[in-house]
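**Q** Got a structure here, written out as C-alpha cells. Questions coming.
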Amino acid sequence: MKIKTKVLVDFLKKVTLEGGQQIREGILKFEKEGLKFGANNPNNLVRATGILFKRGFDNYEELGNIGFNELPNLIRVLDRFGEFVTLTKEGNLLTAKSDGKKVEIELTSEEFITTDTTPSEMEHDETFLITGNQLKSIFTDVGLNKDAEIFVITEPKKVKFENTGKYKFTNEINAEKCKGGTKVKFGQPFLEALKAFNGNLEVSVKTDYPIKVMEKDDNSVVTVIVAPLVEEA
C-alpha cells in the first residue's frame with residue numbers, strides 16, 4: 001500500500017489533535033472505504049473522528065485494524081520518509097518503506113487500547129464557515145492572555161469570538177446563514193485541538209453544548225468535537 005507521506009501524516013495529525021489534547025493511543029482501521037479513526041482525548045473533553053478515503057492512496061489495501069499506543073511517535077516516524085511511503089503489515093509488525101529506508105513498528109493488541117471509540121450523535125442550532133487560518137489568527141489573539149476562555153456568539157448574519165483576560169479581543173466573521181442567539185464558552189482544549197487544521201471549516205454550535213468542527217478536502221473528512229465550559233447552577 002502506497003501513499004504520499006504528507007497526505008498520511010497531515011491526516012494523522014488532525015485526527016490525533018495537538019498540544020495538551022493529543023490522543024496518544026487508538027486503532028487505525030483500514031476498511032473498504034479507506035482509513036478510519038475515532039477516539040477521545042485523555043480527559044474526554046475532545047473527540048476526533050476521520051476517514052482518509054482510499055482514493056487518497058496511490059494503491060490501497062484493507063489491512064484491517066492496527067492498534068498503536070504511541071501515536072505521536074508513529075507520526076514522527078512516518079514524517080521521516082520521502083515523498084511516498086509504502087506500508088505493509090505482517091503479524092504484529094507494520095513496515096514502512098521509502099527510498100532505501102525502512103522501519104518496522106511493533107503494534108499494540110486492540111484489547112490493550114483503552115480509548116473510547118463510541119460515536120457521538122449531536123444536533124446543533126447554527127452552522128457557519130471559517131477558514132483554518134482565520135481560526136488560528138483568532139486563537140493567536142486569545143493566546144496573548146494566560147488561560148483565557150473564549151466565547152463563540154452568533155448574531156444575525158455574523159459570528160463573534162470574544163475572550164476573557166487582560167487583552168479582551170473581539171473578532172467578527174460574516175455568517176449569512178446565522179440567525180443569532182447562540183452563546184457558548186470554551187477553554188484551552190478548544191484553543192489547542194485544531195492547530196493542524198488549515199482548510200475550510202464548517203462549525204456547528206449550540207448554547208452550552210459541544211462545538212463541532214468539520215474539515216473536508218478531496219481525500220478526507222475530519223470532525224472534532226469539543227466540550228464547552230458550562231457555569232454550575
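**Q** Can you pull out the residues in the range 133-185 that are among the small types (G, A, S) and over 23 Å from K195 (Cα atoms)?
**A** G180, G181
**Q** Do you know which of the residues in the range 174-233 that are under 12 Å from the mean Cα position of the chain (by Cα), of a type in the set (A, V, I, L, M, F, W, C) and part of a loop (DSSP other than H, G, I, E, B) is nearest to I153 (Cα to Cα)?
**A** Ranking the candidates gives L194 first.
**Q** A further question follows. Among the numbered conditions (1) assigned to a loop (DSSP other than H, G, I, E, B); (2) in contact with a helix residue (DSSP H, G or I) (Cβ under 9 Å, 6 or more places away or on another chain), tell me where K13 comes up short.
**A** Evaluating K13 over (1) assigned to a loop (DSSP other than H, G, I, E, B); (2) in contact with a helix residue (DSSP H, G or I) (Cβ under 9 Å, 6 or more places away or on another chain) leaves (1) as the failure.
**Q** Please specify each residue of the range 44-76 satisfying the condition of being free of Cβ contacts under 8 Å to residues at least 60 places away in the same chain, over 20 Å from S109 (Cα atoms), not acidic (D, E) and not in a helix (DSSP H, G or I). Quick ask: steps written out before the conclusion?
**A** So the first thing to find is which residues in the range 44-76 are free of Cβ contacts under 8 Å to residues at least 60 places away in the same chain, and the list is 54, 57-60, 62, 64-73, 76.
If we keep only those that are over 20 Å from S109 (Cα atoms) too, we end up with 54, 57-60, 76.
Then keep just the ones that are not acidic (D, E); that gives 54, 57, 59-60, 76.
Scanning the range 44-76 gives F57, N59, Y60.
**Q** Still on this structure, please answer the following. Search the range 102-114 for residues being polar (S, T, N, Q) and closer than 15 Å to L71 by Cβ, and hand back the single one that is modelled with the lowest pLDDT.
**A** Quick first cut of the range 102-114, residues polar (S, T, N, Q) only: 108-109, 114.
Keeping just the survivors that are closer than 15 Å to L71 by Cβ gives 108, 114.
On the way: T108: 89, T114: 70.
Among residues in the range 102-114 that are polar (S, T, N, Q) and closer than 15 Å to L71 by Cβ, the one modelled with the lowest pLDDT is T114.
**Q** Suppose we filter L35, L8, L28 for residues that are part of a helix (DSSP H, G or I) and not basic (K, R); which single one remains? Write out each step before concluding.
**A** Working: L35 fails: part of a helix (DSSP H, G or I); L28 fails: part of a helix (DSSP H, G or I).
Within the list L35, L8, L28, the selection yields L8.
**Q** Residues of the range 16-25 being crowded, with 21+ Cβ neighbours inside 10 Å and either touching a Ser or Thr at 6+ places or on another chain (Cβ under 9 Å) or assigned to a helix (DSSP H, G or I) (or both), which ones?
**A** Q21, I23
**Q** Does G19 satisfy the condition of being at pLDDT below 95 and of a type outside the set (V, I, T)?
**A** The answer is yes for G19.
**Q** Moving to a separate point now. Would you point out which residue out of A227, A148, A175 is in contact with a Leu (Cβ under 6 Å, 6 or more places away or on another chain) and either hydrophobic (A, V, I, L, M, F, W, C) or in contact (Cβ under 8 Å) with a residue 24 or more places away in the chain (or both)?
**A** From the options A227, A148, A175, the qualifying one is A227.
**Q** Output the residue which, of all residues in the range 115-134 that are loosely packed, with under 14 Cβ neighbours inside 10 Å and assigned to a loop (DSSP other than H, G, I, E, B), is modelled with the highest pLDDT.
**A** Within the range 115-134, the match that is modelled with the highest pLDDT is E123.
**Q** Filter the range 155-173 down to the residues that are out of contact with any strand residue (DSSP E or B) (no Cβ under 6 Å at 6 or more places or on another chain) and of a type in the set (S, T, N, Q) and list them by number.
**A** Listed by number, the list holds a single entry, T164.
**Q** Among the numbered criteria (1) in the same structural domain as T49 (by TED's automatic domain parsing); (2) on the phi < 0 side of the Ramachandran plot, which one does G91 miss?
**A** Among (1) in the same structural domain as T49 (by TED's automatic domain parsing); (2) on the phi < 0 side of the Ramachandran plot, the lone unmet condition for G91 is (2).
**Q** Going by the conditions given, is F57 touching a helix residue (DSSP H, G or I) at 6+ places or on another chain (Cβ under 6 Å) and surrounded by 17 or more Cβ atoms within 10 Å (Cβ to Cβ)?
**A** It is false that F57 is touching a helix residue (DSSP H, G or I) at 6+ places or on another chain (Cβ under 6 Å) and surrounded by 17 or more Cβ atoms within 10 Å (Cβ to Cβ).
To keep it simple, each residue is scored yes or no on (1) under 30 Å from Y60 (Cα atoms); (2) touching a residue at least 60 places away in the same chain (Cβ under 8 Å); (3) of a type in the set (D, E); (4) surrounded by 12 or more Cβ atoms within 10 Å (Cβ to Cβ).
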| site | (1), (2), (3), (4) |
| --- | --- |
| L78 | yes, yes, no, yes |
| E83 | yes, yes, yes, no |
| T95 | yes, no, no, yes |
| E106 | yes, no, yes, no |
| Y167 | no, no, no, yes |
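**Q** Quick test for you: out of I138, I113, pick the one residue that is more than 20 Å from V184 (Cβ to Cβ) and aliphatic (A, V, I, L, M).
**A** That would be I113, the only listed residue that is more than 20 Å from V184 (Cβ to Cβ) and aliphatic (A, V, I, L, M).
The values are calculated or read from the model by the stated rules, or taken from the named source; none is laboratory data. Only a predicted model underlies this, so the values are computations on that prediction, with no experimental measurement involved. Heads up, the Cβs are rebuilt from the backbone with ideal geometry, glycines too, and the neighbour counts pull from every protein chain shown.
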